[in-house]
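Shown next, in structure tokens, is the structure this report addresses.
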Amino acid sequence: MAAAVPSGGVHLLHPRPWLRHLRRTARPISGIAASSRVDHAEELNSTAETPEPPMSRSAEKDTAAYYPKQGQILELVCESLAYKGNGLCMVDGTGFVVMCDRVLPGEKFIGRGTRKKDNYAEVKKLETNRPHWDMVEAPCEYASHCGGCKTQNLLYEAQVRAKEQQVRELVVHVGKFSNKDLDVDDIMKPIVPCDIQFHYRNKVLAFIQEIWRNPEFGLSPYDGHSHRGFLKHFMLRTGWNVETCQPELMVNFVTSSYQPELLKPLVDKISPFPDVVSIINNVNTSVGNKSIQIRTSCTLQAEILYKLIEDCSFLKGDGWEIVLDLFCGTGTIGLTLAKKAKHVYGFEIVDQAIKDACRNADLNGISNATFVQGDLNKNGENFGEYFPKPDLVITDPNRPGMHMKLIKFLLNLKADRIVYVSCNPATCARDLDYLCHGVPEKNIERCYKLKSIQSVDMFPHTPHIECVCLLELN
Ligand SMILES: C[S@@+](CC[C@H](N)C(=O)[O-])C[C@H]1O[C@@H](n2cnc3c(N)ncnc32)[C@H](O)[C@@H]1O
């Protein structure tokens, strides 16, 4: 299923020279460790979810002194979309990198410097001088100020082309694979676009503002500046009951403290709605998150991805192969593969997800799957004793990617194949580098070869990109 991308979509105006710095700096970029491999645990905790954009080219052009001033007006051209869908631009004549929200590749615009970072700056777009040639009118009237669909005003074909380009650059510059290798061996597959480009969401996140204050419920909206107030936001998630095929709605109130009695009038009001099957209260304090929740939701990935994973897994179907499903969530990937395997062993940190995985196995009459709750970042030496040596490892980590401990474990385990499923191409590229090139400074030898990498667009108009990669034992 190759992307039907017409020519003339997003053009990369220049190669991205900042990517060359990835090998030379210890600074984490795009949520991944750059050249010198920063401590994994530290990165997983701190930087991975708050990735940094690229740095300036100052070292190359001797423009170290250049820094746009706060408030300075600049005329810029967006070169490409970087992590989180922010537009990457360079200040003319300096090569200095600035990042701007809501600009599209090829767009020429006037921006004002807003924030200085260590080696790049952020600008705010003031006006467009020349729009992107694939700019379209966003169908949703809220697109320009709602954060949900940042690139709705970019032709869909151009969006997928930009995503494909982004994955390639990360695999080359972070993963340290050559462009030639990726092309000659047909390793890099064309992106799979999404058939449904609108109305595919099942989640709404609404932030509570002062305007919402309602005397009937007497709840105070939380104010991010003064840190006063109670109700921060609420999230609605829809789903289908697999037994009754009826729609179901989950409501999650996120509050700054745990005071269930304050929420009671609101809960009483919405409980009678037949679709509302669960009401949750997450407590999110300014110092950290504490979840007082009835149920934890896990990321549900679309069917198309599971088919790709199955195709990529190359299970013989003779019923003799062992599958290890890491970060298994509710077990969907492992259970899809169970029919071809001797046994599937799934590991996941969230207890409720493990219970759901077991229930899913029962519902589907699958008896050759075992799901175990555990933290894969804290695997002890004896982790391998929980299962026989697998033929296939599926790993589907969340955005920070895999912990170095787990990477070492996989390099020692030497399963025939690894299918790496990722929702963050930056950390995926980093982990592919570790698995395929080893970690010389830690005396970790490589033992895998990258056979294919397939990006998938599952969330049109957003910066999200999924990838399915196949690695084979050398
Ligand atoms: C991208 S989701 C994968 C979901 C699953 N493979 C599926 O298809 O539904 C990542 C999963 O990893 C789990 N997870 C995150 N950190 C973990 C850890 N340290 N150890 C084990 N599981 C973890 C999350 O709870 C989540 O279910």
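Within a straight-line Cα-Cα reach of under 17 Å, Lys125 can be paired with the following aspartates and glutamates, leaving aside sequence neighbours fewer than 8 residues apart in one chain: Glu75, Glu79, Asp92, Asp101, Glu107. Here the Karplus relation 6.51 cos²θ - 1.76 cosθ + 1.60, evaluated at θ = phi - 60°, turns the backbone of region 354-363 into coupling constants of 5, 4, 5, 4, 5, 5, 4, 4, 4, 4 Hz, with x for every Gly and Pro. The figure for Arg102 is an accessible area of roughly 70 square angstrom, using a 1.4 Å probe on the protein chains alone.
Using heavy atoms of the protein chains and a probe of 1.4 Å, the accessible area assigned to Met135 is about 70 Å². Between Arg201 and Asn368, the distance separating the two model label sites (each 7 Å from Cα on the Cα→Cβ line) works out to 4.1 nm. Backbone amide hydrogens, once placed in the peptide plane, bring Ala415 within less than 5 Å of nothing, excluding anything fewer than 5 places away on its chain. Among the listed pairs Lys150/Lys189; Lys316/Lys451; Lys108/Lys150; Lys180/Lys414, those whose Cα-Cα separation exceeds 21 Å are Lys150/Lys189; Lys180/Lys414. Dividing the convex hull volume of the alpha-carbon atoms in region 203-292 by its residue count gives 105 Å³ per residue. For region 429-438, putting each phi into the Karplus relation 6.51 cos²θ - 1.76 cosθ + 1.60 with θ = phi - 60° gives couplings of 4, 4, 5, 5, 4, 4, 6, 9, 10, x Hz, in residue order, rounded to whole numbers and with x for Gly and Pro.
Over all other residues within a Cβ to Cβ distance under 15 Å of Lys316, the charged ones net out to -3, with Lys and Arg as +1 and Asp and Glu as -1. Extent along the principal axes, Cα only, for region 379-474: 43, 29, 23 Å, with the longest axis given first. Working note: Karplus 6.51/-1.76/1.60 with θ = phi - 60° gives region 384-389 the couplings x, 7, 7, 7, x, 4 Hz, where Gly and Pro are set to x. For Leu154, nonlocal amide neighbours, meaning residues 5 or more places apart or on other chains whose placed amide H falls under 5 Å from its own, are Val136.
The count of lysine pairs in region 203-292 that are at least 8 places apart or cross chains, and whose C-alpha atoms lie under 19 Å apart, stands at 4. Straight-line cross-link partners of Lys378 among the aspartates and glutamates, defined as a Cα under 19 Å from its Cα and at least 8 positions apart when in the same chain: Asp39, Glu42, Glu43, Asp325, Glu348, Asp351, Asp396, Asp431. Modelled this way, with points 7 Å down the Cα-to-C-beta line, the labels at Glu445 and Trp320 are 2.8 nm from one another. Taking amide H as placed 1.01 Å from N in the peptide plane, Val192 has its amide H under 5 Å from the amide H of Ser455, Val456, Asp457, each at least 5 places away in sequence or on another chain. Here the calculated FRET efficiency for Asp181 and Phe383, from their Cβ-Cβ distance with R0 = 35 Å, stands at 0.60, rounded to the nearest 0.05.
For Ile279, tell me the accessible area in Å² from a 1.4 Å probe, rounded to the nearest 10. Looks like 40 Å² after rounding.
When each of the peptides 442-449, 366-373, 416-423 is scored by the mean number of other C-beta atoms lying within 10 Å of its residues, the order from highest to lowest reads 416-423, 366-373, 442-449.
The values are calculated or read from the model by the stated rules, or taken from the named source; none is laboratory data. Everything numeric in this text was worked out from a predicted model, so none of it was measured. So basically every Cβ, Gly included, is an ideal-geometry build from the backbone, and we count neighbours across all protein chains shown. All accessible areas refer to the heavy atoms of the entire protein, side chains included, with ligands and DNA or RNA removed. Shrake-Rupley method; radii C 1.70, N 1.55, O 1.52, S 1.80 Å.
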